[in-house]
Structure formats: C-alpha cells, structure tokens
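Participant: One structure, as structure tokens, below. Some questions next.
The values are calculated or read from the model by the stated rules, or taken from the named source; none is laboratory data. Computed from a prediction, not measured in an experiment: that's the story for all the values here. As a convention, Cβ positions derive from the backbone with ideal geometry for all residues, glycine included, and neighbour counts pool all protein chains shown. Ligands, DNA and RNA are stripped out before the accessible areas are found, and what is left, the full protein with its side chains, is counted by its heavy atoms. Shrake-Rupley method; radii C 1.70, N 1.55, O 1.52, S 1.80 Å.
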Amino acid sequence: VSDRLHIVTWNVGSAVPPDDVTSLLGLNVGDGKTDMYIIGSVTSQRMQGVFLLVFAKYYHLPFLRGVQTESTRTGLGGYWGNKGGVSARMAIFGHMVCFLNCHLPAHMENSEQRMEDFESILQQQQFEGQSANGVLDHDVVFWFGDLNFRIEELDMHFVKLSIDGNKLSTLWEKDQLNMAKESETVLVGFHEGPLKFPPTYKFDVGTNTYDTSAKKRKPAWTDRILWKIKPFESVLPSRTPPSKQSSVAQLTSGVTVTQHSYRSHMEYMTSDHKPVSAIFTLRFPYKVDLPLVQFFVEDEWTKVSDAIVKFRMASSFPRSSWDWIGLYKVGFRHHKDYVGYVWAKQEDSDSVKQQCQVAFGEETLPKGSGEYILGYYSNNMSTIVGVTEPFQIMLPSSLPSSSPSDSSDYSSEDDSTLVLLRPKSRSPSPGKAKQRGRRSRSRSPALPKLQALNLRPHSRETGKDRSPSPRIGHRAKRERLVCEPEESPSSSAPHTCNSPGTPGIEVSAPEAQGDKGTIGEKKPQENALSGGKASGESKAAGL
C-alpha cells in the first residue's frame, strides 16, 4: 500500500497566515491523490507555540491507530514554548510513523545548542505502548520545522552572488545541518532532498528581498524537511559491510520513502521566512488490511424504517458497552460533530461472525436531504474504527430535527475556515459485499470537504476519567449520567440524552473552542483532518 504525504513547514512569526493557502497545499495543481497533509507552523502570535496539524482522507481513519502526541519546551530552559518540538505518532496500516516539528535555537553561533536541544527533545518525548516508545523507534520519522541552521564561513557577498547566479550547490558544504550530518551520531540515517531552492531566511516582510535591516542577516536554509527509515538490523546478513547496511536495512524492512518535490514558496511574503513543502510517497506492505468494524446499510434512507445499521466486529476488537455509532454530515471535522447517535449494542453470542443491528430513532435523524457518513467510535481505543461510504438521507422535512447541542453549534461554523482547536485521529472500511439490497460501505474515491477527528493527547496530560464521548449540549454546563453498575447501554434501548457518557460520574461540558488560530479560508477538497498538537497545550485543527 502507498500513501501520498504533503508536508509543509512555515515560521509565520507574529504574522497571521494568509487566507489563501491554495498553492502552498498544491490544491490548484493537485490530482486528488494526496492522502495526508502535515503542517508545521511556528507562530508567536498567540502562545509563542509550535503547532503541528495532521489531516487524512476520512476513509483512512480506521487504519490510523494508536495516535498520540507529545510536546517539549526548550525555550528559557524549558519554561517557554517558543522553542521546542511537538510530535504526532500513529500506526498507518500497522506501521509506526512519527511526525516531529521543531523550532530550534537561532543565530550562527548556536549550532551545537541546536543539536543539544534536538537530542533533548528526542529523549523527553516518550510514547505509551509496547513498541515505538521513542521518536526514533518508529518505522518512519519525518523531522521538519524552523531548524535554524545557518551557512558558515562564507561572507554575505559570496552567498548572495551564489543565490543570484543560481549556484546554490556552492553553499551546501557550509550549511551547518549538512556539516552536522557528517559528525553527529543522532543524525545518522536522516535523509534530505537537494536544496535546489534559495535560502528561505531572512527576508524583508512583504518582499522577496533578503534582509536590508541594520542586522543584515546572512541568507540561510533554516526551514527544512528530513526523514528517516528505521533500520532492521536483525534481518541483515552478519557479513553485510557497514557502508551498505543502511540501504539493505531499508529494503528488507519493506518500507520505502520517495520524495517527489522539495521546494520553497516565494509568493508568500507575510513573514521573514518562506514556507517550504515536500511531497512524499510512503510505501509499505499491508499489516492491517481490514477495519475492526464493518457496516452494512441501505444506499438511501427515505423513511425512518430505512435507518437500520448492521455491523460486524472483528474477533480481536476490544468492544465496550460505551461504544457508539455516530451519524455525520459529509464534511464533519471532529468525532463530536455527529447529528445523531445510537449505542453500539451487542447481544452476547458465541458466534464470532455475529452481525449486530441497531436502529436510529426518528428523533435522532436529520430532516430534509443530505449526504451522510456513519462512524463507529471505540471507547477503549478513543477513535473511530469503522466508517461507511457517504450515503443519502432524504426524509420528509416535517420530521422533527435532532435536539440542538453544542455539537451542532460547532458544526455550523464557516466550513471554509481552518481553525486550530484540539487533537485525535484514524481510517476506513474496505469491502463492498452485497447483502439483500444492503451493501458494505467503506472506501469512497473522493470527499468534497475536509473532516476532522481529535488527536489523542498523551495520557499524562489528561485525567484517566476523561470521557471520549460527544460533547454535551451547551445549554447545560454539567449533566449527571448515572447507570446501574450491572447495567450497560448494550442491554437497554438507546439513550436519548445528547451525549454518551461514563457511568456514575459527572461529565463537564467542554468549553467552546472559538476561532483561535485561523490559518486560511481555502479548504483542500479531498482530505479529512486527523488532528494536531501545540507546544505546551493540546491543540487540533479542523475545516
């Protein structure tokens, strides 16, 4: 299997990013084959923070598992988030991938400090799980951001002549990052495409002219995108020469990374940095090729009796009595953006292949017509583990609409705006088996809008009792949801409260996120949000 990744890094400084990021994301020339967008923006406008946003096509969600995020502050001795690193890691079709966005110390003389901070970030960022606990333990690592490495020894005049004469290769040998790769053990195995674009720092804001201020900073490639494939030394022949071990290990692991482009974007002038993007194809053999939950539903719901959902769970799926199935409009941005839901009830049975069935009540169905998607939310895994293809709901408009909730308010925001919010993620349901007029719904060839799901914050940042359920109605700030200890939602009719909850505890309604961190009003047409992270606090992004 292969995934097309589009990675962007841009230090926007104290500026607000432009509304139109079409060319930055390649939306004007894209062929619709991009599977994931990964965006690192370094900003000092709101929290002196480092942001990481991960977007994925919605039908990949059931195959993006074990999503976690980490952040490390290195500014002011670790107290300030203007410098540091944020990461998001996940299993993509069973292969562990980590995205690490860093903002390292500035200035020519701080090359060693940059390396020390990078090593500190790697040491401090530890993930939960049985494998890939450290950043470099992952099968593939993408490292990018404002790494702040400079060009040594060469004077300003020579550097500018080389840039003007398009003789950039004369500068590569004196680039501090290239020099560090020759001597720093921690950088062994990291790859980077050729620097065929002009240095991306420092420009007079609003122009393509290098720094004319009194400081006259020397141009430098501060903004970089690198990658590393984990070597599988255990499968190497004992007599393999050291010089060939790296390439052999990459081949035997079954994972390959191909870079298709690596460029800057000179047309963006809101910052003294130019954004840099890279497009990759990530190829690996399937390890996970079936979703944990598969759906079987009607192609169209034209009456309430059509709203019957059949689903089948894999034998290895760790189901919970608090799992639920959400009904989402195409274009949803978060797992709490449901317009209706039912508990995923399951009667006890010895049959592994039992097909379960639930029904949406009239009060939970939207009136009118529209295109919708079903998603199975796992309480134990804190993610959506099964989705359908989009299907039509065309019910008489006289049907009562679902009761208003904070979720509907959240979804009514302007779909054309990319908003930094909070984190989480996952992927789809293949197979299209027909069953008496109903078909298994999963892969969709395209999606007209971006959707969002939260990246899961690290457990140390959240309480163990945190409820992953949809947000509670905004009219009631606190609501007590109580169930008898021996009774669960699976043994009774679906609840009619606005939000599934955790038994026997108070659930507080999350505060409204608002419009913090608007990035742009152009939206990619093919992708869905996986999630995001901000240094010092959990953030996410949605369209």
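Participant: Based on the mean of other Cβ atoms within 10 Å per residue, sort peptides 117-127, 208-218, 272-282, 189-199 so the most packed one is first.
Facilitator: 272-282, 117-127, 189-199, 208-218
Participant: I need the phi-derived Karplus couplings for the range 312-327: 6.51 cos²θ - 1.76 cosθ + 1.60, θ = phi - 60°, integer Hz, Gly and Pro marked x.
Facilitator: Computed from phi, the couplings for the range 312-327 are 10, 9, 5, 4, 8, 6, x, 5, 9, 5, 9, 6, 8, 10, x, 9 Hz.
Participant: Once you've got the Cα coordinates, tell me which of LYS336/LYS367; LYS33/LYS202; LYS33/LYS336 are over 23 Å apart.
Facilitator: LYS33/LYS202; LYS33/LYS336
Participant: Another question about this same structure. So what are the ³J(HN,Hα) numbers for the range 97-108, from phi and the Karplus equation (6.51, -1.76, 1.60; θ = phi - 60°), rounded to whole Hz, Gly and Pro as x?
Facilitator: 10, 10, 10, 10, 10, 10, 10, 9, x, 8, 6, 4
Participant: For LYS310 and THR185 in one chain, what is 0.36 nm times their gap in residues minus the Cα-Cα distance, to one decimal in nm?
Facilitator: Result: 39.6 nm gained on full extension.
Participant: Residue by residue through the range 373-378, what is 3J(HN,Hα) from phi via Karplus (6.51 cos²θ - 1.76 cosθ + 1.60, θ = phi - 60°)? Round to whole Hz and write x for glycine and proline.
Facilitator: Once θ is set to phi - 60°, the couplings for the range 373-378 become 9, 9, x, 9, 9, 8 Hz.
Participant: Using a 1.4 angstrom probe on the protein heavy atoms only, could you order GLU267, GLU173 from most to least accessible area?
Facilitator: GLU173, GLU267
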